[in-house]
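The values are calculated or read from the model by the stated rules, or taken from the named source; none is laboratory data. A quick note: this is a predicted structure, and the numbers were derived from the prediction, not measured. Note that we place each Cβ from the backbone using ideal geometry, even for glycine, and neighbour counts take in every protein chain shown. Ligands, DNA and RNA are stripped out before the accessible areas are found, and what is left, the full protein with its side chains, is counted by its heavy atoms. Shrake-Rupley method; radii C 1.70, N 1.55, O 1.52, S 1.80 Å.
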Amino acid sequence: MNSSNDDKLTAPGSSREVMMDEEAPANGAVEQPRPQTKGSFSLWARLGAALAVVGITATSVAVPLSLRESDDNSSSMYVPPNYTTPFNETVEELPLLGDSVLNGYPTIQAFKDSLRLVAESYVNGVVARNVGDKTYENFALSPSFAVGEDVMAMDGDMMNTATPRESSQEAVNDYETNDQEEGVREGDNVVSNGVIAIAAYGDEVVGWEVAGGDILLRMVLPPTGGYSQPYINTLVLHGDYLIAAVSGYGSTAQQTTTRVLSGYQGTRILIYDISTINGGQMDLVATRDVNGDFVTIRVIESQIFFILNSQINIYNFLAQPFNKYSTEELRSLDANAYSLRIREMAETAIPDFVDQATEEILECDQIPKLVALNRWTTDEHSDPIMESYLYNSGIAQSLVMVISFDLQDVIDEKPDALQCLSVSGSFFPTNAWDVKAYSAANTMIMATRGYDYSPARQMTIDSTYLVAFDLTGEVVAPKAYGYVEGYVLDQYSFRVEGDILQLATTIQEGWIIMFAEPMGMRRLQAVIEPDIIRTEPATENYVITMDLAASQSPGQERQMFELDRLKLGKDGEVFTTVRFYPGLAYAVTYQRVDPFYVINTEDPLNVFVEGELDNITGWSSYLEPINPPENSLMLAIGQETNEWGGVLGLSISVFDATNYSDVHIADRHVVEDSVDAWSDSEGLRNKNAIRFNDVTGKLILPLSIGSATGHYRGFRLYDITEDSVDEVKECQVDLSDTYSRYHYNPQSLEPRSMIIDGRFMSMMGSTIVMKDLFTCEENWRISLSE
């Protein structure tokens, strides 16, 4: 591989790359097969499905993707329909992305005026599509249509930093949710205070005594009154108070009236006093329905932060009614008459949409602390008319919100504790369903995934839109904005220390549809785009440092400013896991083999590789230090593969990075390595399912193993040292006879484990088992299905 300009990112600060030398195959050489999990679809199958979906949905109104001239091969010049755009120059009235938009809206009317401009721009696009204006052709594309597939990404709430524990066997305790950052607590489906444990079990909240396994609590949540059943998204235990986030109760409100927010009243906050548990019930202290579908929760001291999202349902209000073929009247009109008629109809429809949206978004008759609607670009477009079409459905596709309150106010029985909440957030020009949230003690990062055209690559690539929020004031407030090329895996792809943001992104090229002009927020910093044309798709991985408070552009002081970036891996490899620690980071990239990198991040202006181990078979999806705070010995859980990338079985490894010049695997254990079997763990998708105690070196892992001869489901315990991974076979918890592969049961415990007073408690399905951590003696077993 050469290191020409196309392999270098141009940004302020030094830019380096770390790639393995690899000779390009000769023309016509047969490419080796891409790695696939057993039973997975092939790339061609995914491509065929993607093309089929694009063909079916290309007439719907979503993100405007392509703005290009007709590909008509005839020599005649394309002549667009003769019509007048309903609303001219509306996008030019919206502000560019800059510091002023972080100040939000001074009045409700200011918000309405801004939303009206978005609606007018959207109607312009509706008319263009309906009259067949191919000058600014628009297609609908969902993120799921991408040929690239980041299958290694984990679910939202996945944490693994262990906290200090007692060293004596009798006093070993490790039952709290493993939080990413010290002082920032996160939620899970099972919580405990060491005396009782409480879990989500379908539409029930169940609790039991840890010492003897006696059931104390079986509380069925009230029905929603709509088509959905209540679903418990997460639980947080704070002293004597249990906080639950439950979805499903908004279905009634969403059924009765067409809503602008897809997540209208989508999350119910429930706060219980667990000290009142009696007769299988406990007292409800406070409740409140809030807008947005649940993403995650953070707790800092007594401050509770819910991160919620909603799609903006602009289609039902401003597209469907204007379909040219929906009525005989509109069908009979020529292009210009149709456009003028839609302008007349929109004079009523747009105010109705704006009023409805405002009513749903207001909190106690106040506009939330929102990033003001803007063009998501810091520079003017060369063609204002094209920009108008470019943004006609992309400016406000989703709304991500932070809803917060002080739990102490609830405890103190303040009457308005949950009635008037602090609400902040941002509209994004991207889908709401791929939101990543990270929080340090003082700063929260929201990131959404988009798809933008890269002039340098002349194709569509992933992009990530970033908004930072300040958590130190009386209300959560937007702090900075930014953008990077590529997508992020999960919350562990971020870390904030002071005003420095560290993040890791993967840029995957090779999408089905390409833009002819940039869509969404283009480059925020002045860069020199290399003059290149890629003949084949490529993949790039970067560790990037950004300053949240030191932009060099006047009027854009609150723009995230890139300080440095480091390129990792070969073409075709993607990040499968990244972990940041103070001054240090670990990263794994994978295509057919698994390079393991140790990265020095002490100087944000000079990020570099301290050590690496290349050509490791398999990949890692979970990393955790076994020797904090040195963090030089890393436990890794993933999948072992053969040299061609074929999956062999679940692997548990110890990476030794004590000597940067001799990074090596100290030991690796493969659960099974037969081609006739498969093995998996819920921990590969949700890291809360993995319990590692660094004091005792005990790893408790939920496992599923299948073959033609049978199926195993349960937990296994391993002793982890600096140079060994050993299974403690007598400690395994076999729950195979309690689990059916062929029947889905909504009443089910998520696979979890806890260590309490030198014993380990494991739960899965409807069964909970307590065993001694050292002797493996079973203390008790209960079944919730009996």
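Whole-Hz Karplus values for the range 701-715 come out as 10, x, 9, 10, 10, x, 7, 5, 9, x, 9, 10, 9, x, 10 Hz, taken residue by residue from phi with 6.51 cos²θ - 1.76 cosθ + 1.60 and θ = phi - 60°; glycine and proline positions read x. For Glu672, nonlocal amide neighbours, meaning residues 5 or more places apart or on other chains whose placed amide H falls under 5 Å from its own, are Leu650.
Each Lys and Arg adds +1 at its Cβ and each Asp and Glu adds -1 at its Cβ; summed about the Cα centre, the range 597-651 shows a dipole of about 220 debye. Summing charges over all other residues whose Cβ lies under 12 Å from the Cβ of Tyr105, with Lys and Arg as +1 and Asp and Glu as -1, gives +1. For Leu773, the residues whose modelled amide H falls within less than 5 Å of its own, excluding neighbours fewer than 5 places apart on the same chain, are Arg759, Phe760.
What nm value, rounded to one decimal, do you get for the distance between Asn600 and Glu182 when each label is placed 7 Å out toward the C-beta? It works out to 2.4 nm between the two label points.
Over all other residues within a Cβ to Cβ distance under 13 Å of Asp283, the charged ones net out to -3, with Lys and Arg as +1 and Asp and Glu as -1. Using Cβ point charges alone (K and R +1, D and E -1), the dipole size of the range 687-786 about the Cα centre works out to roughly 440 debye. For the peptides 703-711, 117-125, residues were scored by their other Cβ atoms within 10 Å and the scores averaged per peptide; the highest-first order is 117-125, 703-711. Peptides 625-633, 412-420 ranked from most to least packed give 625-633, 412-420, packing being the mean of other C-beta atoms within 10 angstrom over each peptide's residues.
Label positions at Thr721 and Thr658, each projected 7 Å from the Cα along the C-beta direction, are separated by 1.2 nm. The string of couplings for the range 620-629 from the Karplus curve (6.51, -1.76, 1.60, θ = phi - 60°) is 10, 10, 9, 10, 8, x, 9, 9, x, x Hz, one whole number per residue in order, with x for Gly and Pro. Which residues in the range 630-644 place their backbone N less than 14 Å from a point set 7 Å from the Cα of Cys776 along the Cα-to-Cβ direction? Flagged as within label range: none. Each peptide in 750-762, 465-477 receives the mean, over its residues, of other Cβ atoms within 10 Å, and ordering these scores from highest gives 750-762, 465-477. Remark: the range 718-730, residue by residue, has Karplus-estimated 3J(HN,Hα) of 10, 8, 10, 10, 5, 9, 8, 10, 10, 7, 9, 4, 6 Hz, where x stands for each Gly or Pro and the curve is 6.51 cos²θ - 1.76 cosθ + 1.60 at θ = phi - 60°. Sequence gap at least 6, Cα distance under 8 Å: using those rules, report the relative contact order of the range 176-306 to the nearest whole percent. Computed over the range 176-306, the figure is 20 percent.
Treating each Cα of the range 175-326 as an identical point scatterer and summing with the Debye formula, the log10 of I(q)/I(0) at q = 0.08 Å⁻¹ comes to -0.28. Among Ser736, Ser679, Ser275, the order of accessible area from largest down is Ser275, Ser736, Ser679, computed with a 1.4 Å probe on protein heavy atoms. With respect to the cross-link table entries Lys698/Lys729; Lys570/Lys687; Lys112/Lys369; Lys112/Lys436, which display a Cα-Cα separation exceeding 20 Å? Violating the 20 Å limit, Cα to Cα: Lys570/Lys687; Lys112/Lys436.
Each listed q (0.13, 0.24 Å⁻¹) maps to a log10 I(q)/I(0) for the range 703-757, found by the Debye formula over equal Cα scatterers with no solvent: -0.45, -1.11. Scanning residues 5 or more positions from Gly572 or on other chains, those with amide H under 5 Å from its amide H are Thr539, with H placed 1.01 Å from N in the peptide plane.
Report the net charge of residues surrounding Pro625, where surrounding means a beta-carbon distance below 13 angstrom and charges are Lys +1, Arg +1, Asp -1, Glu -1. That works out to -4. Label sites at Ile665 and Ser736, each approximated as a point 7 angstrom past Cα along Cα to Cβ, lie 2.6 nm apart.
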